[in-house]
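Below is one structure, written out as structure tokens; the observations come after it.
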């Protein structure tokens, strides 16, 4: 005979993370995404914050990929 005991598998419990721990990261990520959307979609247009055309040329293909008109 074997000394191994068969025990029923425990049901895994979900890990709970308090809102106060993940909320700042969610807000930071949201603000970062909005900033990146602005840079790709609107910068070097009517609401330009950075002068010149360098940023427009760097983001040109990303604009077309995301469906933003640029010319």
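The values are calculated or read from the model by the stated rules, or taken from the named source; none is laboratory data. Source: prediction; values computed, not measured. As a convention, Cβ positions derive from the backbone with ideal geometry for all residues, glycine included, and neighbour counts pool all protein chains shown.
Beta carbons closer than 7 Å, at least 6 apart along the sequence or on distinct chains, pair a first residue in region 49-62 that is surrounded by 10 or more Cβ atoms within 10 Å (Cβ to Cβ) with a second that is modelled with pLDDT of 75 or more for 59/39; 59/40; 62/40.
In region 13-54, how many residues are assigned to a loop (DSSP other than H, G, I, E, B), over 17 Å from residue 66 (Cβ atoms) and either at pLDDT 85 or above or under 22 Å from the mean Cα position of the chain (by Cα) (or both)? Final tally of qualifying residues: 6.
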